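Below: one structure, written as structure tokens.
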Amino acid sequence: MLLNAMKWLSLPLLLAAAAFSRFAGTYELRVDLVMCMVALIAVALAVWKKEFAWGGGMLAIAVVFSPFGLAAKIFALFGLAVATVVAILVITWRMHAPRVSGPAL
């Protein structure tokens, strides 16, 4: 119950913090690092509970709030998208691949 409440509260809190992180002034980097760490903790909890959609969403939030430059964030999100597509293709291919039980002559 507590983990479910934390999961649903983390999204609005992270989005609200994102709206106000620009007003942090000299502490903006620290605020972004804290939000990135919270999102990574949420990713770990989502993977532990096998809720991979929530984990992927929180991973995207962690990339957005990372202290890297804009180009690195774009390439990281692009890499995440490519990895997701490849994983879906592999899973789909394994579901429809013919089963070979022995050598075909």
*Could you tell me which residue of region 33-50 is surrounded by the most Cβ atoms within 10 Å (Cβ to Cβ), considering only residues that are under 23 Å from residue 70 (Cα atoms) and more than 10 Å from the chain's Cα centre (by Cα)?*
35
*asked:* Being modelled with pLDDT under 80 and over 16 Å from residue 32 (Cβ atoms): is that true of residue 83 here?
replied: no
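Looking at region 18-29, is at least one residue of a type outside the set (Gly, Ala, Ser) and surrounded by 17 or more Cβ atoms within 10 Å (Cβ to Cβ)?
no
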_Go through region 1-27 and report how many residues are under 17 Å from the mean Cα position of the chain (by Cα) and not aliphatic (A, V, I, L, M)._
4
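Could you check, for region 51-65, whether at least one of its residues is assigned to a loop (DSSP other than H, G, I, E, B) and surrounded by 11 or more Cβ atoms within 10 Å (Cβ to Cβ)?
For region 51-65, residues assigned to a loop (DSSP other than H, G, I, E, B) and surrounded by 11 or more Cβ atoms within 10 Å (Cβ to Cβ): present.
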*Of the conditions (1) among the basic types (Lys, Arg); (2) within 16 Å of the chain's Cα centre (by Cα); (3) part of a helix (DSSP H, G or I), residue 30 fails just one. Which one is it?*
(2)
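The values are calculated or read from the model by the stated rules, or taken from the named source; none is laboratory data. The model shown is predicted, which means the values in this text are computed figures rather than measured ones. Reconstructed Cβ throughout: ideal geometry from the backbone, glycine too, with neighbour counts over all protein chains shown.
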